[in-house]
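The values are calculated or read from the model by the stated rules, or taken from the named source; none is laboratory data. All values reported here derive from a predicted model rather than from experimental measurement. Reconstructed Cβ throughout: ideal geometry from the backbone, glycine too, with neighbour counts over all protein chains shown.
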Amino acid sequence: MTGQEYEKAVQYIYGLIRDGIVKPGDRLPTERAIAETLGISRNSTREALSVLLAMGMVQRRQGSGNYVSDHFGPALKQMIYMMLAVNRTSQKEICDFRKYMEKSSCAAIYEREKEEDWYTGLEAILDRKTSSLEEEIERDRDFHYGLIAETKNSFWITMMDAVAEVYREWIDICLRKMDDRLRKDLESAHRGILEGLKNNDLAQCHAAVEKHYALIDKAMEEHAMKKKLLIFDLDGTILDTLKDLAVSTNYALVFHGFPERSVDEVRRFVGNGIGKLIERAVPDGTPEEKRLEVLETFKKHYGEHCADNTRPYDGIIELIADLRKRGMQTAVVSNKADFAVQELCKQYFPGCFDFVVGEREEIRRKPCPDSVNEVLHTLKKTAEESVYIGDSDVDVDTAANAGMDMIGVSWGFRGREFLEEHGASQIADKPEEIWKFLS
């Protein structure tokens with residue numbers, strides 16, 4: 001494939017769209033048809049379509065072909081996230097852009113011809129009664145989207161939709177943490193924006209916009225994320241591995257003539273590595289040589305079946321994705337055998353972690369801080385800017401031994417009451433609740 005062929009395909013498809021031969025929602029010619037028309041290879045055509053797909057100009061429908069996109073917002077949003085990920089922009093730059101674009105939106109509304117009651121929709125949003133914080137956040141979101149829509153400028157609307165989607169994720173966190181006084185000041189700023197537009201007083205409107213974003217900047221500064229690295233336990237924290245652990249444990253026990261254990265028993269046995277799991281699972285008084293044989297049988301079976309019934313806990317993948325979008329690093333430190341930790345993270349969380357480590361013979365396992373310190377050294381983070389997240393007393397002790405904060409999770413193998421009894425002071429009942437402990 002040559003660069004000339006690739007560019008020819010891109011320009012051809014662009015020309016079809018530009019000249020109105022194909023419109024948003026229409027199906028594009030097939031790869032074969034484009035290649036034959038241009039006299040180029042299908043690989044060149046395929047590469048051009050892939051690039052246009054990434055740009056948001058083309059949508060691919062499974063089994064149906066390629067279509068002209070009618071919605072560019074998601075592609076622009078992903079581009080902004082990519083710029084954040086590679087440090088080509090910052091939260092501050094995006095917030096500044098959002099403020100100046102809102103002032104520009106107000107200027108566009110101010111200058112255009114308007115119906116006499118054009119503002120009634122926005123006024124109705126501000127007058128809408130709310131009975132919960134979620135409804136207040138939704139009202140704030142609707143007002144700002146309403147301002148964008150009122151420009152009647154499709155390019156601005158598309159651009160601002162993408163920027164606002166990224167920006168909103170930060171703002172929603174701030175709104176949840178604001179006190180009543182600050183929330184009332186923000187509502188006053190909203191009304192000032194609308195009153196300035198109703199009064200044809202652009203200066204008043206812009207002053208209210210400045211006030212609004214000054215309040216937001218203050219809230220974001222006060223509630224900036226102090227934690228830069230989140231280190232997760234694996235079993236019972238990000239992955240529900242209990243059934244596969246129980247199956248392999250019982251396979252090994254039965255293979256060597258020992259009675260099975262219940263799932264609840266296995267739940268109590270895990271947390272200190274698979275050696276300790278088998279030590280607890282075999283009958284009291286089992287000779288060490290026999291116990292080691294059971295352990296080897298377990299390792300072989302679990303290595304082949306560690307993902308049969310295992311699954312991520314609901315909301316975990318989304319949480320990790322959001323953390324990384326906001327520039328935070330993530331890692332896994334587990335007492336599970338390293339081979340299994342690597343395989344499970346690769347299978348269920350590809351590209352989600354900056355460092356992953358399990359139990360290895362040469363490293364003391366948790367609650368010793370050795371592996372945690374290895375993560376801190378590798379990722380160049382301090383204990384103060386990191387937090388350990390887990391579901392057991394071992395995780396509580398690991399964080400304490402590493403000198404860092406700990407967040408317990410109640411959905412794992414032990415539960416909230418157990419964590420509280422063992423000293424966990426910050427406990428999340430759902431993955432999204434972890435955010436409130438990070439600032």
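Is it fair to say residue 108 is closer than 30 Å to residue 329 by Cα and either small (Gly, Ala, Ser) or within 23 Å of the chain's Cα centre (by Cα) (or both)?
no
Does any residue in region 162-188 that is more than 13 Å from residue 134 (Cα to Cα) come within less than 8 Å, Cβ to Cβ, of a residue that is assigned to a loop (DSSP other than H, G, I, E, B) six or more places away or on a different chain, and which pairs are these?
Cβ pairs passing all conditions: 162/72; 169/326; 170/326; 186/178.
Quickly run through region 77-100 and pick out the residues that are closer than 18 Å to residue 151 by Cβ and either surrounded by fewer than 17 Cβ atoms within 10 Å (Cβ to Cβ) or not assigned by TED's automatic domain parsing to the domain that holds residue 174 (or both).
97, 100
Out of the residues in region 111-144 that are basic (Lys, Arg) and crowded, with 16+ Cβ neighbours inside 10 Å, state the one that is farthest from residue 206 (Cα to Cα).
139
What about residue 165, is it of a type outside the set (Ser, Thr, Tyr) and over 20 Å from residue 319 (Cβ atoms)?
no
Go through region 27-61 and give me each residue that's touching a residue at least 40 places away in the same chain (Cβ under 8 Å), in a strand (DSSP E or B) and surrounded by fewer than 17 Cβ atoms within 10 Å (Cβ to Cβ).
27
Quick test for you: out of 279, 296, 304, 265, pick the one residue that is free of Cβ contacts under 8 Å to residues at least 12 places away in the same chain and either more than 23 Å from residue 346 (Cβ to Cβ) or among the aliphatic types (A, V, I, L, M) (or both).
296 is the lone residue from the list that is free of Cβ contacts under 8 Å to residues at least 12 places away in the same chain and either more than 23 Å from residue 346 (Cβ to Cβ) or among the aliphatic types (A, V, I, L, M) (or both).
Taking into account only those residues within region 371-421 that are buried (at least 22 other Cβ atoms within 10 Å of the Cβ) and in contact with a Pro (Cβ under 6 Å, 6 or more places away or on another chain), which is farthest from residue 269 (Cα to Cα)?
Filtering first and then ranking leaves 402.
Can you report the number of residues in region 290-326 which are part of a loop (DSSP other than H, G, I, E, B) and closer than 30 Å to residue 79 by Cα?
Total satisfying the criteria: 4.
Kindly provide the set of residues from region 21-57 that are on the phi < 0 side of the Ramachandran plot and either aromatic (Phe, Trp, Tyr) or touching a Ser or Thr at 6+ places or on another chain (Cβ under 6 Å) (or both), ordered by number.
Hits for region 21-57 are 31, 34, 35, 57.
Which of the residues spanning region 145-156 are surrounded by 18 or more Cβ atoms within 10 Å (Cβ to Cβ) and farther than 15 Å from residue 124 by Cβ?
Residues satisfying the conditions are 148, 151.
So which residues in region 238-259 are outside any helix (DSSP H, G or I) and of a type in the set (Ser, Thr, Tyr), if there are any at all?
The one that is outside any helix (DSSP H, G or I) and of a type in the set (Ser, Thr, Tyr): 241.
Given the residues 427, 434, 389, which is the only one that is at pLDDT 95 or above, aliphatic (A, V, I, L, M) and under 18 Å from residue 239 (Cβ atoms)?
389
Show the residue pairs meeting these rules: Cβ distance below 6 Å; 6+ apart or different chains; first residue within region 200-211 and at positive phi; second residue of a type in the set (Lys, Arg) and at pLDDT below 95.
Once the first residue is at positive phi and sits in region 200-211, no partner that is of a type in the set (Lys, Arg) and at pLDDT below 95 comes close enough.
Are any of the residues in region 314-326 touching a residue at least 12 places away in the same chain (Cβ under 8 Å) and touching a His at 6+ places or on another chain (Cβ under 8 Å)?
no
Tell me, yes or no, whether region 150-172 has at least one residue that is of a type in the set (D, E, K, R) and either in the same structural domain as residue 18 (by TED's automatic domain parsing) or in contact with a Phe, Trp or Tyr (Cβ under 9 Å, 6 or more places away or on another chain) (or both).
Yes, because at least one residue in region 150-172 is of a type in the set (D, E, K, R) and either in the same structural domain as residue 18 (by TED's automatic domain parsing) or in contact with a Phe, Trp or Tyr (Cβ under 9 Å, 6 or more places away or on another chain) (or both).
Being of a type in the set (Asp, Glu), more than 21 Å from residue 217 (Cβ to Cβ) and touching a helix residue (DSSP H, G or I) at 6+ places or on another chain (Cβ under 8 Å): is that true of residue 123 here?
yes
Restricting to region 293-325, name every residue that is surrounded by fewer than 18 Cβ atoms within 10 Å (Cβ to Cβ), modelled with pLDDT under 90 and farther than 30 Å from residue 257 by Cβ.
318, 321, 322, 325
Quick test of your reading of the structure: residue 203 fulfils all but one of (1) under 30 Å from residue 395 (Cβ atoms); (2) loosely packed, with under 14 Cβ neighbours inside 10 Å; (3) not polar (S, T, N, Q). Name the failing condition by number.
Of (1) under 30 Å from residue 395 (Cβ atoms); (2) loosely packed, with under 14 Cβ neighbours inside 10 Å; (3) not polar (S, T, N, Q), only one is false for residue 203: (1).
It is to be established whether one or more residues within region 181-199 are under 27 Å from the mean Cα position of the chain (by Cα) and among the small types (Gly, Ala, Ser).
No, the conditions are met nowhere in region 181-199.
Within region 81-96, does at least one residue satisfy the condition of being at pLDDT 90 or above and of a type in the set (A, V, I, L, M)?
No, because not a single residue in region 81-96 is at pLDDT 90 or above and of a type in the set (A, V, I, L, M).
Across region 62-71, which residue is nearest to residue 159 (Cα to Cα) among those that are surrounded by fewer than 16 Cβ atoms within 10 Å (Cβ to Cβ) and under 29 Å from the mean Cα position of the chain (by Cα)?
Only one residue tops the list, namely 71.
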